[in-house]
Amino acid sequence: MTKFTKQNIIDIKSNSSSYKKIHCDKEDLIISELDWQKRGLQQTVSGYGSKLTTRYYINFERFNYRVYCRCFSNSGTCYIKTKRFGEIVIDAI
């Protein structure tokens with residue numbers, strides 16, 4: 001398990017938006033399923049949503065943060081939410 005810090009943040013800027021990103025491998029993540037996930041249930045009926053709980057945590061700045069997924073139209077983006085840095089996209093899950 002890798003302990004990520006602010007030095008691991010990559011700032012992505014384009015013409016229309018900007019965001020922060022951390023690249024990690026699955027081995028860098030902590031797996032901790034909730035009871036309903038262990039039973040094979042979904043958080044929403046459709047499986048889509050803006051803050052879907054995943055079974056993953058990531059260690060960032062000495063704290064474990066739950067990885068969430070924003071999923072619409074069969075495409076998802078995983079992210080964590082911090083007070084200091086806001087939303088940070090988690091790449092390569």
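The values are calculated or read from the model by the stated rules, or taken from the named source; none is laboratory data. This structure is a prediction, so every number in the text was calculated from the model and none was measured. Counting neighbours? That spans all protein chains shown, and the Cβs are built from the backbone with ideal geometry, glycine included.
Things to note:
- PHE4 of a type outside the set (Asp, Glu), under 14 Å from the mean Cα position of the chain (by Cα) and either at pLDDT 90 or above or surrounded by 12 or more Cβ atoms within 10 Å (Cβ to Cβ) (or both): yes
- Residue match in the stretch 22-42 (condition: on the phi < 0 side of the Ramachandran plot and in contact with a Gly (Cβ under 9 Å, 6 or more places away or on another chain)): no
- The set of residues in the stretch 16-72 that are among the charged types (D, E, K, R), in a loop (DSSP other than H, G, I, E, B) and without any contact (Cβ under 8 Å) to a residue 60 or more places away in the chain comprises GLU33, ARG39, GLU61, ARG62.
- Looking across the stretch 11-41, the residues that are surrounded by 13 or more Cβ atoms within 10 Å (Cβ to Cβ) and of a type in the set (A, V, I, L, M) come down to ILE22, LEU29, ILE30, LEU34.
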